[in-house]
C-alpha cells in the first residue's frame, strides 16, 4: 500500500511543521524548516509517483524549492546587513 518513501515524507513534513511552530524567533530557523517542508513534499511525491505525469510536477516542485531557498537567503542577507540580526520580533520596526 504505502511505500517507505511515502511514510518518510509524511513524517518529515509534520516534524518540519512542528519545528516551524516552535522555532519562530529567528528567520534562519524558519527558512530552514520551510526548506525541510519543501524537501519532504518532494520525497512524498517521489514515493507516491504512480503515473509518469507526476515526474513533471516533481521537477517543477524541486525547481520552485531551489528558487524559494535562494530568495530566502537573499532576504536574510539583506536583513542582517541592515539590522545586524535575524530576530523576527525586530521586523515590526521597519520603516520605508
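The values are calculated or read from the model by the stated rules, or taken from the named source; none is laboratory data. Given the structure is predicted, the values throughout are model-derived calculations rather than measurements. For neighbour counting, all protein chains shown are included, and Cβ atoms are generated from backbone atoms with ideal geometry for every residue, glycine included.
Any chance you could count how many residues in the range 22-41 are surrounded by fewer than 17 Cβ atoms within 10 Å (Cβ to Cβ) and more than 26 Å from residue 84 (Cβ to Cβ)?
Going through the range 22-41 one residue at a time, the tally reaches 0.
I'm trying to understand the selection: among the residues of the range 16-31, which are touching a helix residue (DSSP H, G or I) at 6+ places or on another chain (Cβ under 8 Å) and in a helix (DSSP H, G or I)?
Correct list: 16, 17, 19, 20, 27, 28, 29, 30, 31.
Does residue 66 fit the bill of being touching a helix residue (DSSP H, G or I) at 6+ places or on another chain (Cβ under 7 Å), at pLDDT 80 or above and closer than 30 Å to residue 77 by Cβ?
When the stated conditions are applied, residue 66 does not pass them.
With 50, 80, 43 as the choices, which residue is out of contact with any strand residue (DSSP E or B) (no Cβ under 7 Å at 6 or more places or on another chain), closer than 21 Å to residue 19 by Cα and modelled with pLDDT under 85?
Result: 43 is the single residue among 50, 80, 43 that is out of contact with any strand residue (DSSP E or B) (no Cβ under 7 Å at 6 or more places or on another chain), closer than 21 Å to residue 19 by Cα and modelled with pLDDT under 85.
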